[in-house]
Every structure is written in structure tokens, then in C-alpha cells.
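The structure appears right after this line, and notes come after that.
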Amino acid sequence: MIVTGQNFTLMSLPERLRANGMPSIQADTWSCFIQEAVSLVYQAADELKSTKTWSEFCQKRGALSTPKTKSKKGSIIQIPIEDAITTELGHIVRRLRRQLPASHMLRAHEAVFEVEHQIEDSQRTGRNSKKADFLFYSQIGDGAPEIAIEAKPLTTKGDIDNRYLAGEGMGCFFTTDSPYSRAPVAGMLAYTIDFGSGSYKADIDNALGIYLPTPLHVCDVSFKFGSHVSPITYSQHDRAALNLSPVSMLHFEMVFGPVVIGPAAV
């Protein structure tokens with residue numbers, strides 16, 4: 001049965017994980033680790049989108065799509081490319097990770113951050129390995145907290161079904177062919193390209209409500225992004241085909257603007 005944000009009391013992430021059967025200490029540890037890790041990625045995004053850094057990024061080869069006309073606005077635009085955003089975020093996060101104080105939770109857990117992480121698999125290796133966009137993991141032993149996150153660009157509402165929730169998106173966590181994670185928690189990250197409509201969170205929520213196979217839960221949870229708390233979308237999915245317990249999917253979104261070159265030729 002799906003639990004929606006409209007009929008379910010907003011829980012914190014550790015409360016939601018405990019409600020779904022994760023032991024209390026594990027839920028607290030994993031939640032703290034994941035929230036600190038994701039906060040670094042959002043801090044990196046804020047830096048990337050700052051005026052100077054964004055200008056420098058847009059001038060790099062491979063950062064932007066080929067120019068195209070946006071018919072409704074009559075402008076020639078370029079769109080930041082998914083793997084370019086991921087790469088730049090990775091560079092910044094690694095620097096931020098190195099600068100953390102010795103007392104920080106991620107240092108205590110010997111946290112490692114990887115971009116384009118090759119998935120360990122019994123059937124694939126080398127160039128045939130599948131790759132998760134982001135992986136944060138602790139090195140304190142087996143069963144230590146981790147989160148793999150797959151990013152997908154959203155330029156239109158149709159990209160939610162066709163990319164974000166499709167086989168190349170969230171489906172990567174459910175496939176029997178080299179699933180992106182076997183951990184109890186994983187994440188999806190929307191790179192929303194804002195042409196004036198803003199966030200796609202409500203549309204993602206609606207799409208999850210009719211997603212097949214039907215999620216076990218869909219609701220909001222409160223998530224700590226550093227010093228502030230915001231609701232994010234949470235969904236839980238069965239993984240019986242993988243002989244694994246259900247996975248808690250956390251849905252994140254970053255909003256980027258297109259680069260406007262000038263008016264389209266008349």
C-alpha cells in the first residue's frame with residue numbers, strides 16, 4: 001500500500017528507516033552519514049552555481065550542449081550536460097571532503113567519495129562494468145553506511161518517466177543485471193533544467209504514485225542539509241528478485257538554468 005505525503009505524518013529520515021524495520025542504532029548512523037554526505041554534494045552545487053565558477057564551467061569544452069532554439073521564448077540556448085555537472089561536482093566535493101575538520105563525522109567514518117563508480121559484479125568487469133554517478137561510503141567495516149546516487153537531467157516533464165524513473169535511471173537499482181547498490185538506502189538526483197517552471201518535485205511525486213511495480217511507500221521525509229532541514233521525497237521498493245530486503249530511495253533535486261546565447265534568427 002502506498003503511503004503518500006498527504007495522509008502520513010512527516011518523519012525524519014532515521015524515524016522513517018526505523019519504521020521500515022531498520023534497527024535503531026543503524027538507522028541513526030546511516031541517516032547521519034547520508035545527510036552529511038549529501039550535504040557536501042549540495043554545498044558543491046552551490047559553489048558550482050556561483051557566478052564566477054558557473055561562468056568558468058560554461059567555457060569548458062564538453063560543459064554545454066550544442067546550441068538549440070527554445071521555440072516558446074525564441075532564444076538560442078545551451079543546456080549544461082549531465083556528465084559535465086557530475087564531474088564538476090565530484091571535483092568540488094573531493095576538495096570539500098579534504099577540508100573537513102578532524103572531528104567531522106565523515107572523517108570518523110573514513111568516508112570516501114567516488115564519481116562514476118564501477119559496480120562490482122560477478123558477470124561484468126572493465127569497460128563492461130556499469131557505473132553509478134556518485135558513491136559515498138564508509139571504510140569502518142562490513143555493513144558500514146554508504147549511498148549510491150544516480151543522476152538524471154530533467155529538461156521536460158516527460159523526462160521523469162522516460163529517463164529518471166526508467167531503466168537507465170531508478171531502474172538501475174532494481175535490475176538483476178549488475179544493480180547499482182545492494183545497500184538498504186540509495187538515491188536519485190534530478191538535474192532540473194529550469195526554463196521557467198521551477199522544481200519538478202511534485203511531478204516526481206505524482207509519477208511515483210503510479211509507478212510500476214507499485215512502491216511499498218511514497219512519502220516525504222525531513223532531511224538535514226547541513227544547518228537547515230527540508231522535506232525530500234522518499235520511496236521504498238521491493239527487491240525480491242535480487243533476494244534483498246526492500247530499498248529506501250531518497251529523491252533529490254538540483255535546479256540549473258540554461259545558458260542563453262541570444263535571440264533566435266527570424
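The values are calculated or read from the model by the stated rules, or taken from the named source; none is laboratory data. As the structure is a computational prediction, the values presented were derived from the model and not from experiment. Cβ coordinates were reconstructed from backbone atoms using ideal geometry, including for glycine residues, and neighbour counts include every protein chain displayed.
Can you tell which of SER199, SER230, SER222 is more than 14 Å from MET249 (Cβ to Cβ), assigned to a strand (DSSP E or B) and in contact with an Asp or Glu (Cβ under 9 Å, 6 or more places away or on another chain)?
Just one listed residue meets the conditions, SER222.
Only one of these conditions is not met by MET188: (1) farther than 25 Å from GLY21 by Cα; (2) touching a helix residue (DSSP H, G or I) at 6+ places or on another chain (Cβ under 6 Å); (3) not in a helix (DSSP H, G or I). Which number is it?
The number of the failed condition is (1).
Quick check on region 12-66: of everything there that is in contact with a Ser or Thr (Cβ under 7 Å, 6 or more places away or on another chain) and either of a type in the set (Phe, Trp, Tyr) or modelled with pLDDT under 95 (or both), which residue is surrounded by the fewest Cβ atoms within 10 Å (Cβ to Cβ)?
If we take residues in region 12-66 being in contact with a Ser or Thr (Cβ under 7 Å, 6 or more places away or on another chain) and either of a type in the set (Phe, Trp, Tyr) or modelled with pLDDT under 95 (or both), then ASN20 is surrounded by the fewest Cβ atoms within 10 Å (Cβ to Cβ).
Can you name the residue in region 137-168 that is under 17 Å from ILE85 (Cβ atoms) and in contact (Cβ under 8 Å) with a residue 24 or more places away in the chain and, of all such residues, is surrounded by the fewest Cβ atoms within 10 Å (Cβ to Cβ)?
Only one residue fits best here, namely THR155.
Starting from region 67-83, take each residue that is at negative phi and list its partners that are modelled with pLDDT under 70 and in a loop (DSSP other than H, G, I, E, B), counting only C-beta distances under 6 angstrom and pairs at least six apart or across chains.
THR69/ALA264; ILE76/ALA264
Would you tally the residues in region 227-261 being in contact with a His (Cβ under 9 Å, 6 or more places away or on another chain) and of a type in the set (Phe, Trp, Tyr)?
1
Within the bounds of region 125-133, is there any residue that is surrounded by 15 or more Cβ atoms within 10 Å (Cβ to Cβ), touching a residue at least 24 places away in the same chain (Cβ under 8 Å) and touching a Leu at 6+ places or on another chain (Cβ under 9 Å)?
Yes, because at least one residue in region 125-133 is surrounded by 15 or more Cβ atoms within 10 Å (Cβ to Cβ), touching a residue at least 24 places away in the same chain (Cβ under 8 Å) and touching a Leu at 6+ places or on another chain (Cβ under 9 Å).
Quick one: ALA144 ticks every box in (1) outside any loop (DSSP other than H, G, I, E, B); (2) closer than 24 Å to PHE252 by Cα except a single one, so which number is it?
Going through (1) outside any loop (DSSP other than H, G, I, E, B); (2) closer than 24 Å to PHE252 by Cα one by one, ALA144 breaks only (1).
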